[in-house]
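What follows is a set of notes on a single structure, which appears directly below.
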Ligand code: XBP
Ligand code: MG
């Protein structure tokens, strides 16, 4: 199939949200709830193995706070703490604290101008996606995405295929008409498990040591005309950065067709 859509992950891919966004938001929620928990940069890297904020909180309690007894049921306690965390995170986004990564707006604009459809497949909470797009990209940016598949709408989060399958279903497209753009091994596994064979990985601060050997192309940044991307794996055709022409070629190499 010809390339019809790009499906983007959010955290780590559109923006470096984890270390200085989600992590301090969790810590602020802990402090607000009177908990003496604090997630360091290093510990958070370990916790990122578990996707989804509520799932991450549950894992942390089981692994690091086995004697912790919430005053109410654990699921309710986690949901409440996570709600507080989301409020803190949204406040940071509204303050413009987290910019989009380099080349993101350029690539989105190029794809949109060429009639390539745009979608999101992410583990994070839907409001986080809309607010990041609005506050870091511009008020119109959320409207550029035809499909936003996010958070708890599926029962199994990445690396399960469910969120990519949902995005494909809502786009009404087969997997071979799409390219997924990801930053983590969990995200790569999720896209591949949904049969999307063309996956571009843009590594992020926490994922540099992940195994990306099954990705089509792995780069450090999307880059731009004045900032070439460094290629870790695969071949990036074109002018040395990720533009739509390069994406069409990688899509073709992964089994799609490359006609314009
Ligand atoms: C992102 C996540 C999310 C965020 C936090 O993974 O795992 O949990 O860390 O967001 P991916 P929430 O980039 O693979 O989608 O707290 O809203 O879940
Ligand atoms: Mg990610």
Burial ranking of peptide ranges 182-195, 54-67, 230-243 (average Cβ count within 10 Å, highest at the top): 182-195, 230-243, 54-67
Can you give the angle from 0 to 90° between the axis of helix 104-113 and the longest principal axis of the chain, with both taken from C-alpha atoms, to the nearest 10? 50
For the chain, what is the percent of antiparallel DSSP beta bridges, rounded to the nearest 5? 15
In whole angstrom, the spacing between the Cα centers of the range 36-53 and the range 69-93 equals 15
For the ranges 25-33, 162-170, what's the packing order if you count other beta-carbon atoms within 10 Å of each residue, average per peptide, and put the highest first? 162-170, 25-33
Checked the chain against the a/c 1.5 cut and the a/b vs b/c comparison, axes a ≥ b ≥ c from its Cα gyration tensor; verdict prolate
Measuring from the longest principal axis of the C-alpha atoms of the chain, the long axis of helix 74-94 (C-alpha) lies at a number of degrees, nearest 10, equal to 60
Rounded to the nearest 10 degrees, what's the angle between the helix 244-253 long axis and the longest principal axis of the chain, both from Cα atoms, 0 to 90? 90
Sequence ranges 120-129, 75-84, ranked by mean other-Cβ count within 10 angstrom, highest first: 120-129, 75-84
Tell me the Rg and the Dmax, in Å, that the Cα atoms of the range 142-228 produce. 13.4, 42
With only alpha-carbon pairs counted, each pair once and no self-pairs, how large is the Kirkwood hydrodynamic radius of the range 207-260 in angstroms? 11.7
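Values quoted throughout were computed directly from the atomic coordinates according to the rules given, and no laboratory measurement underlies them. All of these numbers come straight from a predicted model, not from anything done at the bench. Because the Cβ atoms are built from the backbone with ideal geometry, glycine has one as well, and the counts that use them run over all protein chains shown.
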